[in-house]
Amino acid sequence: MERRTADEVDPTTAAAHLKERLYATITMISVVIGLAGSGHVDALGAALTVVTASAGLWLASLVADQQAHRVTHGALARGRDLRTMLFVSSPLLLSAVGPLILIGLAALDVMRVETALLTAAAVNVATLFAWGCYGGIRMGGGTAFALLAGGIDAAIGTAVAAVKVAAGH
């Protein structure tokens, strides 16, 4: 029988967690670019929007996971299944941390709110690049492949930002 410690995560759960992390990062790029483009947001309003978007997506994910579990298993998720759901969906909440720190700096007059929001978007695009590179390395494709994978991921994040800007949001 295979022994596992509480700190180990099976590859399927780890993959689902990373998928949510990437999804949350792309979503947060859209949120902060939309706020930056609004032209009239203050630090409190920006923070409330980021928290609301993050919490709303997390709750929607959790409700959807519970509903899917009820349909397939005939019962609410409890114990290990519930902990797995919470772990997998946690990046939807964690995606707000970076933007909130930067918005907090704007509230302290370290930078303008728009600068904080654009910086948050840039950091998230850089994060996508890093995850793409890491994935390319894990696949064994070498440096060029890793950089290509990172570039593609960063291009997706940049495209999301560009669409938001072009749409006037």
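Things worth noting here:
- Listed values (1) 11.3; (2) 12.7; (3) 14.1, entry calculated as mean projected area of the Cα convex hull in nm²: (2)
- Carbon/sulfur fraction of accessible area - the chain, other protein chains in place, 1.4 Å, %: 67
- Contact order, relative form, for segment 82-169: 19 percent (alpha carbon pairs under 8 Å, 6 or more residues apart, mean separation divided by residue count).
- The chain, relative contact order in percent, only Cα pairs under 8 angstrom and at least six apart counted: 31
- Accessible area (Å², 1.4 Å probe, nearest 10) - residue 38: 50
- Listed peptides 15-21, 68-74, 147-153 by packing density, highest first (mean Cβ within 10 Å): 147-153, 15-21, 68-74
- Rounded D (µm²/s) - segment 31-110, Kirkwood Rh over Cα pairs, Stokes-Einstein at 10 °C, 1.306 mPa s: 112
- Pair-distance distribution P(r) for segment 79-169, from all Cα-Cα distances in 10 Å bins starting at 0: 16, 29, 34, 19, 2 percent.
- Rounded accessible area per residue of the chain, 1.4 Å, Å²: 59
The values are calculated or read from the model by the stated rules, or taken from the named source; none is laboratory data. Model, not experiment: these values are computed from the prediction. With ideal geometry, Cβ positions are generated from the backbone for all residues, glycine too; neighbour counts draw on all protein chains shown. Each accessible area value is taken on the protein alone, full model and side chains, heavy atoms only, with ligands, DNA and RNA left out. Shrake-Rupley method; radii C 1.70, N 1.55, O 1.52, S 1.80 Å.
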